[in-house]
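This report concerns only the one structure given below.
The values are calculated or read from the model by the stated rules, or taken from the named source; none is laboratory data. Keep in mind that what you see is a predicted model, and the values were worked out from it rather than measured. Note: ideal-geometry Cβ built from the backbone for every residue, glycine included; neighbour counts use all protein chains shown.
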Amino acid sequence: MSENETSNSNGKLHAMYIVLIALLIGGLVYTNLKLKKSKETIVVTEKQRDDVTTLKQELDRKYAESMQEIESYRAENAGLDSLLTVKEQELTAKRAKVDALLSEVAKLKSGDATKAKLLAEAQALIKQMEDDKVRMQTSIDSLLTVNQQLYQERDSISGELKTTMQKKQEIDDENKKMKDRIDKASILTTSNIQCSPIRITKKGKEDEVSKAKDAEKLRICFDLLQNKIAPSGPTELAIRIISPDGSTIQMQSLGSGTFNEATTGNEIPYTYNISPDYQNDTKTVCSYWAQTFKFASGKYSVEVYQNGFLIGQSTFTMK
């Protein structure tokens, strides 16, 4: 082989070595790049997995804090129960949505661009939960402050109302006392009560008798004395005739009944009542009692009442 041929052969071999070395270097570079990309993918996947875990932990913590906050407000003020129930429902709904997003992230393959979007959405919802809690605290604290002011105003108004009611009661009591005094002052008085057993003669005249067997009726007369503050007009009076045996003579068919004694409230029977026209001046009043059975002999009592007050009494005897 000539020197030129040897030289050409060596040149070709050298060129082949260079090509092989270049290919080897290129392969190494490609392999290295691919390995680096694979490592980056692994890092990204692990980071996303760590993000999901972190968000899950943060979600649990914020949810627990918010629920504890709600329960503390509920324990302090039962009147906020309906409001707190709504907040509790809103909080539970947001947690459920975040849980759903994190579950979706866990299902996606590594490198999926959707993961980042879902994680960002979950983070935003968790941030909303924190903001909602702060707004709830501010709103409820403000509401409690207003309620406290209302309670204080209510207590103040209640105190004023109680004082007013006490004053009103005092005025009512005083008015009642005044009315009682006026009522008592307007009660009439009587004098010269005369009770006469009588019989009617054939000529229609009244003839006084002394024996019970001769008496057909009783005539009871008395004077109503002057009282300028008493109301004028028909004035109802109750006449009570008490027989010798101590019982009140009564006949329902002739208007007998009962009334309540003014000072004690006890029920008092009366024989009959009259309504003379009184005009604030002394007036003589006469009335009659005729019963369907014979009068008994003995001592009788006659009492005159107005509005439950005893205004006159007298006695008489029939043999």
Exercise. Restricting attention to strands (runs of 3 or more DSSP E) lying wholly within segment 154-242, give those where 1 or more residues are surrounded by 12 or more Cβ atoms within 10 Å (Cβ to Cβ) and of a type in the set (Val, Ile, Thr).
Key: 190-200, 217-224, 237-242
Self-check item: Output for segment 77-91, where each listed residue is in contact with a helix residue (DSSP H, G or I) (Cβ under 8 Å, 6 or more places away or on another chain) and either acidic (Asp, Glu) or at pLDDT 75 or above (or both)
Solution: Asp81, Glu88, Glu90, Leu91
Quiz item: What is the residue count in segment 188-219 for residues that are under 60 Å from the mean Cα position of the chain (by Cα) and farther than 27 Å from Ser243 by Cβ?
Solution: 0
Quiz item: Looking at Arg240, Arg199, which one is touching an Asp or Glu at 6+ places or on another chain (Cβ under 9 Å), at pLDDT 95 or above and of a type outside the set (Gly, Ala, Ser)?
Solution: Arg240
Exercise. Note down all Cβ pairs under 6 Å where the first residue falls in segment 256-283 and is touching a residue at least 60 places away in the same chain (Cβ under 8 Å) and assigned by TED's automatic domain parsing to the domain that holds Arg240, the second is surrounded by 12 or more Cβ atoms within 10 Å (Cβ to Cβ) and part of a loop (DSSP other than H, G, I, E, B), and they're at least six residues apart or on different chains.
Key: Tyr278/Thr235
Quiz item: Which of (1) of a type in the set (D, E, K, R); (2) in the same structural domain as Glu303 (by TED's automatic domain parsing); (3) in contact (Cβ under 8 Å) with a residue 24 or more places away in the chain is the odd one out, the single condition Lys184 does not satisfy?
Solution: (2)
Practice problem: Scan segment 232-239 and give yes if some residue there is of a type in the set (Ser, Thr, Tyr) and farther than 15 Å from Tyr300 by Cβ, otherwise no. | Solution: yes
Quiz item: Can you spot a residue in segment 114-126 that is under 16 Å from Leu55 (Cβ atoms), modelled with pLDDT of 70 or more, touching a helix residue (DSSP H, G or I) at 6+ places or on another chain (Cβ under 7 Å) and assigned to a loop (DSSP other than H, G, I, E, B)?
Solution: no
Quiz item: Say we look at segment 94-113 and pick out the residues that are of a type in the set (Gly, Ala, Ser) and under 16 Å from Asp60 (Cβ atoms); which of these is modelled with the lowest pLDDT?
Solution: Ala106
Practice problem: Please find, among Gln313, Gln252, the residue that is surrounded by fewer than 16 Cβ atoms within 10 Å (Cβ to Cβ), under 21 Å from Thr190 (Cα atoms) and in the same structural domain as Lys211 (by TED's automatic domain parsing). | Solution: Gln313
Quiz item: So is Asn307 at positive phi and within 52 Å of the chain's Cα centre (by Cα) or not?
Solution: yes
Exercise. Considering every residue within segment 135-144, establish whether at least one is of a type outside the set (A, V, I, L, M), more than 30 Å from Lys94 (Cα to Cα) and surrounded by fewer than 12 Cβ atoms within 10 Å (Cβ to Cβ).
Key: no
Quiz item: Looking only at residues in segment 243-268 that are part of a loop (DSSP other than H, G, I, E, B) and hydrophobic (A, V, I, L, M, F, W, C), which one is farthest from Phe309 (Cα to Cα)?
Solution: Met251
